[in-house]
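Inspection log for the structure reproduced underneath, given as C-alpha cells.
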Amino acid sequence: MRISTAARKFSVPVAAALALTGAAAVPAHAATTSAAPASLSVFAWNVDLGTAAVNTLEGENAAGRTPTIESIVRKHDADVVILDEAFNNTSDAQIPGALADLYPYATPVVGATCSGGGWTGISGDCSNSPFVINGGTLILSKYPILAQYAHIFSNSTKGTWDYDANKGAALIEADVNGTDTWVVGTHLQADQSGTSTDTTQATRLAQLGEIKSWVNSIVGTSAPVLIGGDLNVEYYGGAARGDYANAQTAVGGALGSPALDPTQTRYTMDCPVSSWCQFMSGVESFSSSYQDDLDYLGYLDDGARPVPASLPTVQIDFDPQAGWTSGQLDTTAPSDHYPVQAAFSLP
C-alpha cells in the first residue's frame, strides 16, 4: 500500500485553480446562507468519456458530448455532483471550468496522480505506469471542500479493462453552511465478456470493503458520510445472487436505487430507450436490449456516526429531445447511463 498525506487544507476554488494554470477564470460564487439547509442534494452520473485514444478509435465524439453533459448537470442543479468515467483529459479539464460558476469547488480526477496533485491524501494501489489510465471519478461541490482524499482500489479483476485503470474513490469533507458532511464518489469493477460475473461481483464487494475501512480511518464517527456512483451492482440481474443486499453489507450502509421506487419506469442503463447506449452496445460487450439499475446513492452507517433521517427516493434524471414521446429513442443522451439524484435530510 502506498499512502501520501499532506497537511489538511481548504481546497482552492476552481476559478482560482484555473487562473494559476493560465486558463480563463470563471467568477466563483460560494453557495452559503445563514442557516444550514434541511437537505443536501447529490447527483451521480457515469458520463462515458473515454480516453483520447478510445475516443478516436471508437468514434465516441467526446468533444460533441461534453457540452451536453455540462448542460444536463447545470439543469439539475444538485449541491454535490459525482462524475464517473471521466477518462478523457480534455473533457476532465473542461467540465469543472465550464461549471465553476455553479460549482466553485472540485476535486482532481481520482488516479490521475499518485502523490500530491491537490489531494489531502492518496492511498491504495496507485500506478504511475504510462499504460494505466486515471480512475475517472471526480466530485464538484457548491459548498467549500475542507479536505479531499483519493483511494485507488487494491482489488481489481485481472484480465479486464479495469485492471489497467487507477479506479477507486474520492472522499470530500464539505462545509454545508456550518454542517460538516462527507461524500464518497466511486466507480466499482465492471463486468466484461469472458470473465465470470461471480468473479467481478466478488471484486466489487471487496472494493466496497476497502471504501468502508478507508472512510472509517479518516472520518471516524464525527459526521455523516454519503456515497454515490456507478457501483455496477445489477439490482435486477444480480437478484438471484443477492448482489444488492451483499453490497450494502460489504460497505456497511444503505444504498438507494431507483428500483426501490415503484413509480420509476426507467433504468439507469436503459438501452431500449437511449440511442447512445445502443451505439455503445455495438462497440462493447453488452446487449442493445440491456436494462438494469447500476447506479446508487446512499450513506455509510458504522453504528455510531450520525446518518440521514431516512434513505431518500433516488430519481433518474431523463432529458430527451424536445417532442420525445414514449416508445421513441432518446437521441440526445450523451452517455450510456442516466444520472441519478437524491436529496438527503442531514442529521
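For Arg266, Arg65, Arg241, the sequence from fewest to most other C-beta atoms within 10 Å is Arg241, Arg266, Arg65. For the Cα trace of segment 172-212, dividing Rg by the Kirkwood Rh returns an Rg/Rh value of 1.25. Each of Val54, Val73, Val80 was scored by other Cβ atoms within 10 Å of its Cβ. Arranged with the fewest first, they read Val54, Val73, Val80. Over the chain, the pair-distance histogram of Cα-Cα distances with 10 Å bins from zero comes to 6, 27, 38, 24, 5, 0 percent, rounded to whole numbers. Relative protection proxy for 192-199, 86-93, from highest mean packing down: 86-93, 192-199 (other beta-carbon atoms within 10 angstrom). Our helix-only sum for the chain, with -39,500 (n - 2.57) per DSSP H run of n ≥ 4 divided by its residues, gives a mean residue ellipticity at 222 nm of -7000 deg cm²/dmol. The Cα-based radius of gyration of segment 239-281, divided by its Kirkwood radius, gives an Rg/Rh of 1.09.
Label separation (Thr325 vs Ala245): 4.3 nm, computed from points 7 Å beyond Cα along the C-beta direction.
Annotated for the chain: lysine pairs at least 8 residues apart or interchain, Cα distance under 23 Å, count 5.
For Asn46, the amide hydrogen comes within under 5 Å of the amide hydrogens of Asp84, counting only partners 5 or more places away or on other chains and with H modelled in the peptide plane.
Looking at segment 150-270, the DSSP beta bridges with both ends there are about 65 percent antiparallel.
Close amide-amide hydrogen proximity is noted between Tyr105 and Val14, Ser141, each under 5 Å apart and 5 or more residues distant or on a separate chain (H modeled in the peptide plane; Pro and chain starts excluded).
Were the residues from Leu260 through His76 laid out at 0.36 nm apart, the gain over their Cα-Cα distance would be 64.1 nm.
Considering only Tyr103, Tyr299, Tyr163, the Gaussian network model of the chain with Cα springs below 10 Å gives its largest mean-square fluctuation to Tyr163.
In the chain, the DSSP beta bridges split such that about 70 percent are antiparallel, to the nearest 5. Taking one quarter of the surface of the C-alpha convex hull of segment 201-340 gives a mean projected area of 9.6 nm².
Taking K and R as +1 and D and E as -1, what net charge do the other residues with C-beta under 9 Å from the C-beta of Glu234 add up to? Residues close to Glu234 contribute a combined charge of -3.
Each value in this text was obtained by applying a stated rule to the coordinates, not by laboratory testing. Everything quoted here is computed from the prediction, not taken from an experiment. No Cβ is skipped: glycine too gets one built from the backbone with ideal geometry, and neighbour counts run over all protein chains shown.
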